[in-house]
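The values are calculated or read from the model by the stated rules, or taken from the named source; none is laboratory data. Worth saying up front: this structure is predicted, and the values here are computed from it rather than measured. Ideal geometry is used to build each Cβ from the backbone, glycine not excepted, and the neighbour counts take in all protein chains shown.
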């Protein structure tokens, strides 16, 4: 499910500068009131965070060594239905016969 950003509105419908994030299914309608406080709000338009060569996540951030340090496990496909571990804890390989 995506994380949406909402901005709080004043009595005249103008943004106050306050915002909050909420995990919400895409099929749900946008919120009109902040959960808990009941303040009026609207969904904000923000740029998505996408990893890739064009983003701020460079190769060093996604390197096997860094992923291992952060506690992630990474597997790479080596054949149909077979993957080998390149970083992290876990079985050395997944799949295969």
**Request:** Take the residues in segment 1-23 that are in contact with a strand residue (DSSP E or B) (Cβ under 6 Å, 6 or more places away or on another chain) and in a loop (DSSP other than H, G, I, E, B), then tell me which one is surrounded by the most Cβ atoms within 10 Å (Cβ to Cβ).
**Result:** 10
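Table: residues versus (1) touching a strand residue (DSSP E or B) at 6+ places or on another chain (Cβ under 7 Å); (2) modelled with pLDDT of 85 or more.
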residue: 25; (1), (2): no, yes
residue: 28; (1), (2): no, yes
residue: 32; (1), (2): yes, yes
residue: 43; (1), (2): yes, yes
residue: 51; (1), (2): no, no
residue: 87; (1), (2): yes, yes
residue: 97; (1), (2): no, no
**Asked** Restricted to segment 72-97, and to residues that are over 23 Å from the mean Cα position of the chain (by Cα) and in a loop (DSSP other than H, G, I, E, B), which residue is farthest from residue 61 (Cα to Cα)?
**Response** 97
